[in-house]
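The next block holds one structure in the form of structure tokens; read it before the comments.
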Ligand SMILES: C[S@@+](CC[C@H](N)C(=O)[O-])C[C@H]1O[C@@H](n2cnc3c(N)ncnc32)[C@H](O)[C@@H]1O
């Protein structure tokens with residue numbers, strides 16, 4: 001059993017680099033959302049296979065593996081900014097001629113996008129400085145007729161966490177997540193058309209609230225725990241939530257899936 005102080009220490013740590021090794025074990029929602037995105041992409045195989053594809057924020061390659069299988073005739077640039085993630089990708093695709101691992105900061109367009117038929121970005125735009133302007137930048141760079149496939153956890157995620165924070169009289173300290181207004185912002189560009197957009201609720205069950213918070217930490221997303229008050233608040237929230245849901249904790253993720261086409 002962890003003490004209060006070790007619980008806080010444990011949940012505080014953050015950084016995709018530090019947690020690259022444990023990412024796959026805890027990335028349950030990313031596995032589900034990535035699979036859904038790639039099932040959707042099956043409908044685009046005839047249009048895209050054989051042309052270059054750029055994946056941004058590829059992490060450990062959960063989506064890259066699907067892309068490799070779906071588009072065997074395409075050259076795939078799988079990119080990230082985390083050195084530890086890039087090392088995993090390099091190791092994983094060392095023997096593949098079609099997979100090219102590269103550092104790309106998704107905040108802005110990269111030259112490689114100018115010849116790509118598709119940009120793919122799963123569970124990464126929420127880490128960008130200005131997601132709408134980054135997506136607009138990518139769309140401005142890809143050729144006419146190319147696509148952009150994006151999935152992300154939306155602002156309506158974690159209603160149970162928000163509710164329990166309110167009940168426990170502590171502030172909600174989850175990261176700010178983009179909502180559907182992101183789509184409206186991107187569509188202001190007249191050279192962009194909306195092909196597909198859904199926002200679907202996916203629920204995951206955890207043995208306890210601390211297991212949920214650990215799952216956030218163990219994919220590297222971490223929690224904002226900068227001061228003693230924040231630490232005490234989190235411990236209070238964990239206790240209240242586990243008293244409220246004694247058997248298991250259910251957490252809802254609002255998953256957006258978006259397909260855009262450059263006109
Ligand atoms: C939650 S993980 C998603 C990984 C993978 N796409 C998946 O679905 O499992 C977010 C990834 O985005 C990367 N990332 C964060 N900021 C980034 C940026 N500005 N440019 C590119 N990648 C970034 C992180 O290093 C991490 O690998």
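The values are calculated or read from the model by the stated rules, or taken from the named source; none is laboratory data. No experiment lies behind these values; they were computed from the predicted model shown. Ideal geometry is used to build each Cβ from the backbone, glycine not excepted, and the neighbour counts take in all protein chains shown.
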field: Boolean, residue 39 is away from the ligand (no atom under 14 Å from the Cβ), at pLDDT 95 or above and within 26 Å of residue 215 (Cα to Cα)
entry: yes
- line: Matching residues in the range 39-67 (assigned to a helix (DSSP H, G or I) and surrounded by fewer than 21 Cβ atoms within 10 Å (Cβ to Cβ)) number 11
task: For the range 159-183, name all the residues that are buried (at least 16 other Cβ atoms within 10 Å of the Cβ) and farther than 25 Å from residue 239 by Cβ.
output: 177, 178, 179, 182, 183
Residue, farthest from the ligand (Cβ to nearest atom), within the range 120-132, restricted to residues that are touching a helix residue (DSSP H, G or I) at 6+ places or on another chain (Cβ under 8 Å) and assigned to a helix (DSSP H, G or I): 132
query: Just checking, how many residues over the range 212-236 are on the phi < 0 side of the Ramachandran plot and either at pLDDT 95 or above or assigned to a loop (DSSP other than H, G, I, E, B) (or both)?
result: 7
- prompt: Within the range 70-81, can one find any residue that is within 17 Å of residue 219 (Cβ to Cβ), within 12 Å of the ligand (Cβ to nearest atom) and surrounded by fewer than 17 Cβ atoms within 10 Å (Cβ to Cβ)?
  reply: no
statement: In the range 87-114, anything surrounded by 21 or more Cβ atoms within 10 Å (Cβ to Cβ) and either part of a strand (DSSP E or B) or within 15 Å of the chain's Cα centre (by Cα) (or both) is listed as 99, 101, 106
message: What are the pairs with Cβ atoms under 7 angstrom where one residue, in the range 71-84, is touching a residue at least 12 places away in the same chain (Cβ under 8 Å) and the other, located anywhere, is in a strand (DSSP E or B) and near the ligand (Cβ under 9 Å from one of its atoms)? Sequence gap at least six, or different chains.
response: 76/55; 77/55; 78/55; 79/55; 79/56; 79/103; 81/103
- line: Sole miss for residue 45 among (1) near the ligand (Cβ under 8 Å from one of its atoms); (2) at pLDDT 95 or above is condition (1)
task: Please find, among 156, 117, the residue that is buried (at least 16 other Cβ atoms within 10 Å of the Cβ), out of contact with any helix residue (DSSP H, G or I) (no Cβ under 9 Å at 6 or more places or on another chain) and in contact (Cβ under 8 Å) with a residue 60 or more places away in the chain.
output: 156
statement: A careful count of residues in the range 133-153 that are part of a helix (DSSP H, G or I), buried (at least 21 other Cβ atoms within 10 Å of the Cβ) and within 14 Å of the ligand (Cβ to nearest atom) gives 3
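Does residue 84 qualify as being more than 11 Å from the ligand (Cβ to nearest atom) and assigned to a helix (DSSP H, G or I)? So that I can check it myself, show each step before the final result.
Details: more than 11 Å from the ligand (Cβ to nearest atom): no; assigned to a helix (DSSP H, G or I): yes.
No; evaluated as a whole, the condition is false for this residue.
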query: Of the numbered conditions (1) surrounded by 14 or more Cβ atoms within 10 Å (Cβ to Cβ); (2) within 21 Å of residue 26 (Cβ to Cβ), residue 207 satisfies every one except a single condition; which is it?
result: (1)
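Report whether or not residue 6 is at pLDDT below 75, farther than 18 Å from residue 84 by Cβ and either touching a strand residue (DSSP E or B) at 6+ places or on another chain (Cβ under 9 Å) or loosely packed, with under 15 Cβ neighbours inside 10 Å (or both).
Details: at pLDDT below 75: yes; farther than 18 Å from residue 84 by Cβ: yes; either touching a strand residue (DSSP E or B) at 6+ places or on another chain (Cβ under 9 Å) or loosely packed, with under 15 Cβ neighbours inside 10 Å (or both): yes.
Spelling it out, residue 6 is indeed at pLDDT below 75, farther than 18 Å from residue 84 by Cβ and either touching a strand residue (DSSP E or B) at 6+ places or on another chain (Cβ under 9 Å) or loosely packed, with under 15 Cβ neighbours inside 10 Å (or both).
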query: Quick check: is even one residue across the range 157-173 within 28 Å of residue 259 (Cβ to Cβ), at pLDDT 90 or above and more than 16 Å from the ligand (Cβ to nearest atom)?
result: yes
